Structure formats: C-alpha cells, structure tokens
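As structure tokens, the structure follows; a few thoughts come after it.
The values are calculated or read from the model by the stated rules, or taken from the named source; none is laboratory data. Computed from a predicted model, the values in this text were never measured in an experiment. Heads up, the Cβs are rebuilt from the backbone with ideal geometry, glycines too, and the neighbour counts pull from every protein chain shown. The protein model used for the area step is the full one, side chains on, heavy atoms only, and it has no ligands, DNA or RNA in it. Shrake-Rupley method; radii C 1.70, N 1.55, O 1.52, S 1.80 Å.
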Amino acid sequence: MRGLARSVTRGRKRRVAVGTVMAEFRALGLAPWLAEQARQVGLSRPTPVQAACIPPVLQGECSPAPGPVPGPVLTAAHGPRPCASPAGRDCLGCAKTGSGKTAAFVLPVLQVLSEDPYGIFCLVLTPTRELAYQIAEQFRVLGKPLGLKDCVVVGGLDMVAQALELSRKPHVVIATPGRLADHLRSSNTFSLKKLKFLVLDEADRLLEQGCADFTADLEVILEAVPARRQTLLFSATLTDTLNELKSLAANRPFFWEAVSEVRTVDELDQRYLLVPEAVKDAYLVHLVQTFQDEHEDWSIIIFTKTCKDCQVLNMILRKYNFPSIALHSMMKQRQRFAALAKFKSSIFKILIATDVAARGLDIPTVQVVINHNTPGLPKIYIHRVGRTARAGRKGIAITLVTQYDIHLVHAIEEEIKLKLQEFSVEERFVLDIVTQVNVTRRECEIELEGMDFDEKKEINKRKQMILEGKDPDLEAKRKAELAKIKKKNKQCREKIQQTLQNKKQLQLKRKLQKKMERRNKLHAKEEK
C-alpha cells in the first residue's frame, strides 16, 4: 500500500510539474500544442530571453515608420518602411551564449505560421553553415505537429538541388547570405515577396564589415524581401552597429539585453595559462592528456587561428593516439558535417576547429574549451568559450597566453568584466615531452606540405573569384603587375635615398678636406 501511495504521489508531482511548464509557456502567448512540444523537447521553463522577447513578437504594437529604416541591414535604398506587422514588433535580443536565443525566435514564428501556413513564410540568416543546420533541426523538432517543411541553403552543396527545394515553397528557409544571394541573382524559381519573418541570428557577425563582409549579399536579399515584415535580430554580443540600429530605428522595435555585470555565464570557470610561444604545443598536449586521464567522458574543443594550424594540431594529437577530429573552412562541406556529427555523437572526444565552430553550436557534452591562440577580439573570445557551460551546465575555458598576448588578455578582461585566474600545471611533465612534440610538429608540417594543403587554398581562392564574377588569371596578372610597379617604386625610392646619402657624404668629405687644408696652412705659418 505504501508503494502504491508513493507511486500516486510521484504521478501527481509529475502532473503538477508538467502543468507548471505548460502554464509558463502559455502565459507568453503560445498555443497549448506548442507549449506541450516545448516541454517534450526538454524546455523545462522559459529562459529570460524567451520570456522577454516572445510576447512582443506575438502581441506587440508598432506604428508606421515615417522615414527610411537606417543601418546596414535596413538601408535607405529600400524606401520608407511601414509597421512590420499589425500583430507584432521588430525585436533585437542580446543575451549570453547558451541562454536559449534560438527558441526565442523559433517558437513565435511557429505560432504565427500555425495560424496561416504558407511558404516561404520565414527566412533565417546565419553566418555559418553548421549553425544553419542546427537551427533547421530546432525548427523540425518543435514544428513536427505542423508537418513543417524547411530548406537549408548553404555553400559547398549542390545549387540545383537547393533551387528545386526552394521552388517547392518550404515554410522556413535557413540560409547563409552568400549562397542565398547567389540563388537570387541566378534564378527566379522562388520568391521571398510574401515573407512574414526575417531573422538574423548572430546579427553582430552578419552586420560587421571586415574580411568576410556580408554587406553586398545582404543588400541583394533585402531587395527581394517585402518592406512589410517582422525583423528579429539575436546575438550574444552587442556591437556598435547593433547599438546604432537600436537608437536610430523609427518603428520602435522591442529591445532586450540581459542585465549582468559579467558578460559570460556564472557556471563557466575561465582560466589562462602563461606559456612561451616556442613550447605552446607541448603545453596543449599535456592539458589534453590531463583531461583525458581525469575525465574520459568529457568532450574538448580546441580553437585555433588558421586552417593550417587546425590541420597540423589534429595530426599531432592523432600521432599521440588522441581521439581528435578537425573542422575548418578548407574541408569539403560533407566532411565538415561528418566531423561535427562524429564529435556530437562522442565517436571523437576532441574537436580542433577554427572560428567556424565558435558561434551558436550547442553540444551538451562539451566540458572544456581550450584557446590555442588568444583571440584578437574580446567578442570572439566570448563566442568561443560559450561552447561550454551551456543551459546551466558547468564548464571550463583555458586560454594559452604567450609573452606577446598580454594586452589581448587585458582587453578580454575589460570586456567581460572579470579577471581570468591562472591555471596551474606541473611544468616538469611538459619539459619531458617538449622536444618530442616539437619534432612531431615538424614531421606533421612536412607531411602536410606533401598533401598540397596550400595548393588547395589557392584553388579555393580561384573558385571564390569565379563566383564573384572575376577572372582569376586576370586578377593574378593584375596582382603581378602591381607587385612589379611596387618593386620599381621601391627601387626608385632606394636609388633616390642612395643618391642623397652619397651627396651628403661628398659634402661632408669636402668640408673635412677644407678643414684639413686650413689646419695645414696654420701649421705652416706657425713653423715659419
């Protein structure tokens, strides 16, 4: 009887917990079926960013904008823009990594879609291919009761197959800007003119201008989408561009930023390890060995600066029989997906990656993040270390700092408003392996040169030029001519400098000769 009573009590508690979760999500304005779906996928209660952003997206009011919408995303070229939607407001959400930002836009989009389903209803833009597939997965899981049709449009895959999928009018399109812009330029088999939602995930990266500038592609996309729409922007780092967009937007968008003294999550233990540049790899091998010995089930992500470093480090760790796999932009897209899938399923416990894996990726098993290089920008650091300690779990991030990186660490500490603590290691163990690791690195570099890794990079550059409508041979010729002109200019400058120097030396020599002559004359007079 006691066992039966305990079972009944447990059942009641479970029903109460389920009812509480349902009630909390329904209080945000979500339909019962969507609240139930959220509970089934493990969303126990709305996170702060979800609780703050979902109601305005669903129920907010907005007034027509009197003038052009400012900022890099919504340029004046698109003319005056009226209210996004009579039912909801534009939204800009800024919260820490791992705080549930993806669900904050997926849930309201699915709610509105269920009321009036058609395609293409929503477009989500992301900076990386891997993140695009992760967002698509969330849409599929949460939108299963709707029979949701989605389409992922990213580079590195067959454009014809993607064009066919787009022509079938999926409900949601998740894309990287470059590939979607290519489709809009080259085909007219689909239209974005009935679009209801435009979502920019990792908005700070999409809007920043630099080596990988999305501005030209975003302009093409924004020409294709309607002015009357809801625009949702989410990011973990609030940049000057996003601040400007927030302050200048005329249609009173809803803005929410997580209030916190520290820019990273409390569960994250952040450390630095001061190492000489020449023996950095030995320290890395020792760290990996230590974590593998102490915690076999832990997964580790190691971030590197370049594709070549990423490949070399993977080869080094493989030589020492560590279960590692690489992920970088020089790999074919199918290889990238396969590498990520193997890491997620714990076939490989160590992922060595460039910053293509720094944003948005949610892998619950990751307990350790190691920065092989100190990031040049604090926001890159925030996104890298955000791959661990997600959704309330604990994690540790260790940054290898060389004698040349002290100023970068100070910049990071100032941005995250937290002092990094030193991570201690037994240096005698590192000294035991330093020579062996350095020799292994040189062997791996020689092996990589034999694999034509740099040649592949050149081939990729040529492909990119062709996609941009440039002639690689003509560009190479121009580059060579420019180098020749620069060389001539340098030689000319050197010649002028040499002439001036010779002139100065000659003048100095003449002065000395005259001085000597005067002195000789004086001596001659004195002798007389």
Note on segment 281-316: residues assigned to a strand (DSSP E or B) and touching a Ser or Thr at 6+ places or on another chain (Cβ under 6 Å) are 299
From the option list 349, 319, single residue qualifying as charged (D, E, K, R), in contact with a Ser or Thr (Cβ under 8 Å, 6 or more places away or on another chain), surrounded by 18 or more Cβ atoms within 10 Å (Cβ to Cβ) and in contact (Cβ under 8 Å) with a residue 40 or more places away in the chain is 349
The residue from 332, 308 that alone is surrounded by 15 or more Cβ atoms within 10 Å (Cβ to Cβ) and among the charged types (D, E, K, R) is 308
Given the conditions (1) under 30 Å from residue 157 (Cα atoms); (2) open to solvent by less than 20 Å² (accessible area, probe 1.4 Å); (3) in contact with a helix residue (DSSP H, G or I) (Cβ under 8 Å, 6 or more places away or on another chain), every one holds for residue 264 apart from (1)
**Message:** Being within 21 Å of residue 328 (Cα to Cα) and polar (S, T, N, Q) is the requirement here; does residue 176 meet it?
**Reply:** yes
Scanning segment 413-430 residue by residue, those open to solvent by 100 Å² or more (accessible area, probe 1.4 Å), touching a residue at least 12 places away in the same chain (Cβ under 8 Å) and touching a helix residue (DSSP H, G or I) at 6+ places or on another chain (Cβ under 9 Å) turn out to be 414
Restricting attention to segment 317-331, the residues that are touching a Cys at 6+ places or on another chain (Cβ under 8 Å) and either more than 22 Å from residue 358 (Cα to Cα) or not in a strand (DSSP E or B) (or both) number exactly 4
Of the residues in segment 267-300, those that are open to solvent by 50 Å² or more (accessible area, probe 1.4 Å), of a type in the set (Gly, Ala, Ser) and at pLDDT 95 or above number 0
Condition set within 16 Å of residue 205 (Cβ to Cβ) and in a loop (DSSP other than H, G, I, E, B), scope segment 360-410, selection most open to solvent (accessible area, probe 1.4 Å): answer is 377
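Residues checked against (1) modelled with pLDDT of 85 or more; (2) loosely packed, with under 13 Cβ neighbours inside 10 Å; (3) within 28 Å of the chain's Cα centre (by Cα):
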| residue | (1), (2), (3) |
| --- | --- |
| 433 | yes, no, no |
| 455 | no, yes, yes |
| 463 | no, yes, yes |
| 480 | no, yes, no |
Note on segment 143-154: residues out of contact with any Lys or Arg (no Cβ under 7 Å at 6 or more places or on another chain) and outside any loop (DSSP other than H, G, I, E, B) are 144, 145, 146, 151, 152
In segment 180-211, anything free of Cβ contacts under 8 Å to residues at least 24 places away in the same chain and touching a Pro at 6+ places or on another chain (Cβ under 8 Å) is listed as none
Counting only helices (runs of 4 or more DSSP H) entirely within segment 155-250, those with at least 2 residues that are modelled with pLDDT under 90 and open to solvent by 50 Å² or more (accessible area, probe 1.4 Å) are 240-248
Would a scan of segment 282-302 turn up a residue that is over 30 Å from residue 91 (Cα atoms) and touching a Gly at 6+ places or on another chain (Cβ under 9 Å)?
no
Exercise for the section: Check segment 332-340 and report whether any residue there is touching a residue at least 60 places away in the same chain (Cβ under 8 Å), in a strand (DSSP E or B) and within 21 Å of residue 306 (Cα to Cα). Expected result: no
Expected single match for at pLDDT 95 or above and more than 24 Å from residue 275 (Cβ to Cβ) among 303, 322, 337, 348 is 348
If we keep only residues of segment 341-359 that are outside any loop (DSSP other than H, G, I, E, B) and among the basic types (Lys, Arg), then the residue farthest from residue 313 (Cα to Cα) is 344
